[in-house]
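Report on the following structure.
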C-alpha cells in the first residue's frame, strides 16, 4: 500500500492482494490511507461551518448592496473567498486523498460592471459554491455519522475499563460485570472495522466530489452549447438538492424520526436552487436592460421566503424577517427608481439620437434625390433634346438631302444608345438590380469585377440580412471602393462582410496613401445612411495609409 | 421561325413584335409574365422564346428563372433573355444551364436599336447558336481575363471578343472587314495560344472561351 506517496489505490486492488479473509477484512485498520480519509472527512465539520457562514453572509450582503456599485467589489471579494475556501479544501484533498484538481480558471470580464457579470456567469464560481454546499450539508452529516460510529465503537471496546463507573443498560440487562463488559469488546472491534471501511468509502466519495466539481471544464464554444450546459447545471443543482433532502430524510427516519433536522439541509438548498433558477430564467427570458433589477428582486424575494421559513420552523413568535424584508425591499425599490431614471435618461438620449439621425437620413435622401434629378436633366433629358433636334433636321432634309437625313437618323440612333447607357448607369447607382436579385455577395463581386483595382471580396453570411441593412452595407462598400479608386492611389482593396452578435459588419481596406476625410461629402453621406439604421461608421485613414472603412449595422439576431 | 415574347411593358412588347414581323419572323404569342410564358411555350412549342429578365410580380429575375425552367421542360425551344442591364453571373448561369446544346442568348434591350444586328442575333439563337451581349464579353475580357489574354495580338483580341459574342466566322469577317480565311487563321492561332480544345460549332466555341475566362465551370465544356 502506498504509504508515502498519497496515491489512492482502489479498494478492489487491496482486496485482491489480501490472501487471508480475516486479514482482508481488518486490513483498512492498518492502512495509513484510512486515517487520511478519516481526517479529510472530519475536516468537513470546520469547513462546513466556514462555508455556511460565507455563503449566507456573502449572498445576503450581495442582495442588500446589489443596487450600489459596492456590489462589484463585494462579488469579486466573495468569489475570491469562495475560491480560497474551495482551493484550501482542494489542497487538503490533494495531500490526504491524492486527487489533483487543476487550478481553476476564472473568467475575468472587462469594465466595472462587466467584472461583476463575469463573476455571475463564471461556471467555476458556481461549481465551487456547489462543492462547498455539498461539503457543508452531506459532508457534514456524513462526518458526524462517521465520528459518532467511531466514538460508539471505541466506547464499546474500552467498556471493560470503565463499566464500573457507568454501566450501559439495555432494558433490564446491565453490563455491570467484567464478563458482560468483555462481551462488548468484539462489538467495538466490529464497529471500528466498519468505521474504517466507511472512512475508505467516504474518502473515495469525497475524492470523486473534488474531481467532478473543483476541476475546471473547457468553456463551451457556441451560444447553443452554453445554453445547454447552463440548463444541465440547473438540472444537476436541482437533482443534487432533491437527492440530499431525500438522503437526509431517510437518515432522519432511520434514526427515530424525532425533530426533523433535515429541514436545515432543505432550506439553504432550496434558497440556492431558487437563486439559480431566478438567474437562469431572467437571463434567458428578459431583455438585458431588465435583468439586473429582476435578479435583484428575485433574490431578495427568495431570501425573504427563506427567512420566513426559518422563522416558521423555529420559535416563531416575534416576526423578525419583517425587518430584513424592509431592508432588502427598500434596496430593491431604490434599485428600481435608479433603473427607471436611468431608463428615462436613456430614452431621452435615444430620442435625441433618433432625431439627429432621422434628420441626417432625410437630408441624405434629399441630396440623393437632387443628384438623381440633376443627372436626369443633364444626361438623359439633354440627350433627348439633341435627339429631337437631329430628327427634326432629318425630317426637313428628307426631300432635299436624303443622304444627309439618313446620316442624321443614324446619329439620332447613336444618341439613343448613349442615353440608354447613361440611364442604366444611373439606375445602377440608385439601386443595383443584382443586389435585389442575388444579395450583397453577388453584388459586391460584380462591383469588384468592374473595379480597375485588384479587389478581393469575402462574404460570410448564412442568410440575407434585411433589405435596408443589406443596401446600406452595399453602398458603404461601393463608396469606399470608389473613394479608393479615385483618391487613395491604392492598388488593392479588400472587402469583408460578416455577421457577429447581431451586427452586420462591412470592412473595406485599401493599401493607398490614406488621409481620407471622414467628413468629406461621400463619407458623411454614408455615415448618415448608416446611422439612420442605428449603425456606426468608423474611418481609419492615417497619412501614409492604409485606409479602413468599417460599418457595423444591427440586423436582428 | 416561331417566336414567343414575354415582356411586361406593352410598348416594348409591341415594338419587338413589330420589328420581328417586319423581318418575316412569326410571333405566335405575346405574354406579360413568367407563368403565361411557361404556358405559352408548352402550348406553342416555339423555336425561340424572347424573355425579359424582370417580370411581374416581384420584378427581380423571374424571367431568368422561368427561362432556366423552360430549358428542362421545353429543351427544343431556344431562349433569348433581354435585360435593361447585364451581369456576367447571369450569363454564366444561363450558359451553364444550356450545356452544350446551344440556343441561348443574353442581350441588352439597347441592342434592339440596331435592327439588323438584333434580328441576326434572334435568328442565330433560334437556330441553336449563341448570342452574348458585347457588354458581358467586355466585362469578362476587361477584368477577369485581362492578364491571361496578354499573349494575343490586338486583332486576335477583337476576333476573340466577337467569337465570345457567339458570332460565326462569316459574321466576324464582315464585322472586321477581313476574309473568312483570315478569320479562320486568327481563330486557329487564338486556340493554339490559349490551348483551347478545338470546337466544331460556334456555341461550343463560346463555351470554351468562357470556360477559359473562368465563367462557366470546366465540366460543362465540350
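Some observations on this one:
- Modelled label positions at residue A:226 and residue B:189, each set 7 Å beyond Cα in the direction of Cβ, lie 6.5 nm from each other.
- Overall form of segment A:440-557 per C-alpha gyration tensor (a/c, 1.5; a/b vs b/c): oblate
- Taken over segment A:261-325, the ratio of Cα radius of gyration to 2.2 N^0.38 Å equals 1.28.
- Zero-based 5 Å bins, Cα pair distances in chain B, whole percents: 1, 7, 16, 20, 20, 15, 10, 6, 4, 1
- Tilt relative to chain B, helix B:88-98 - C-alpha long axis, 0 to 90 degrees, to 10: 80 degrees
- Mean Cα-pair separation over length for segment A:278-374, i.e. relative contact order, pairs under 8 Å, 6 or more apart, %: 23 percent
- Relative contact order of chain B: 15 percent, from C-alpha pairs under 8 Å at least 6 residues apart in sequence.
- Equivalent-ellipsoid semi-axes of segment B:5-90, from the Cα gyration tensor, Å, largest first: 18, 16, 12
- Annotation: the residues A:318, A:78, sorted from fewest to most other C-beta atoms within 10 Å of their own C-beta, follow the order A:318, A:78.
- The GNM of chain B, with springs linking C-alpha atoms under 10 angstrom apart, assigns the highest mean-square fluctuation among B:130, B:161, B:89 to B:89.
- Dividing the mean sequence gap of close Cα pairs (under 8 Å, 6+ apart) by how many residues chain A holds gives a relative contact order of 10 percent.
- Degrees separating the helix B:180-194 axis from the principal Cα axis of chain B, which is the longest one: 80 degrees
- Extension gain, residue A:407 back to residue A:314 (0.36 nm per residue minus Cα-Cα distance, nm): 22.3 nm
- Going by neighbour counts of Cβ atoms within 10 Å, the residues A:305, B:16 line up, fewest first, as A:305, B:16.
- Gaussian network model of chain B, springs between alpha carbon atoms under 10 Å - residue of B:181, B:126, B:103 with greatest fluctuation: B:181
- Segment A:351-507 pair-distance distribution - Cα-Cα, 5 Å bins, rounded %: 2, 8, 13, 13, 14, 13, 11, 8, 6, 5, 4, 2, 1, 0, 0
- Cα centroid separation - segment A:504-557 against segment A:417-464, whole Å: 19 Å
- Note on residue A:259 and residue A:185: with the Förster distance fixed at 41 Å, the Cβ-Cβ geometry gives a FRET efficiency of about 0.75.
- Shape of the protein assembly as shown, Cα gyration tensor, a/c cut at 1.5: prolate
- Sorted fewest first by neighbouring Cβ atoms within 10 angstrom, A:481, B:1 come out as B:1, A:481.
- Nearest-ten-degree value, helix A:382-400 long axis tilted from longest Cα axis of chain A: 30 degrees
- Whether segment A:188-303 is rounded, prolate or oblate, judged on the alpha carbon gyration tensor where a/c under 1.5 counts as rounded: oblate
- Gain in span if fully extended, residue A:194 to residue A:30, counting 0.36 nm per residue against the direct Cα distance: 57.7 nm
- Using a Förster distance of 45 Å, the FRET efficiency for residue A:354-residue A:421 (Cβ separation, nearest 0.05): 0.65
- Computed label-point distance, nm, for sites residue A:492 and residue A:76 using a 7 Å Cα→Cβ extension: 4.3 nm
- Spin-label pair residue A:205-residue A:463: with each label point 7 Å from Cα along the Cα-Cβ axis, the two points sit 5.0 nm from one another.
- When the alpha carbon gyration tensor of segment A:299-443 is reduced to an equivalent ellipsoid, the three semi-axes, largest first, read 83, 17, 7 Å.
Read-outs throughout are calculated quantities, based only on the coordinates presented, and are distinct from any laboratory measurement. Small disclaimer: the values here were computed from a predicted structure and weren't measured. Counting neighbours? That spans all protein chains shown, and the Cβs are built from the backbone with ideal geometry, glycine included.
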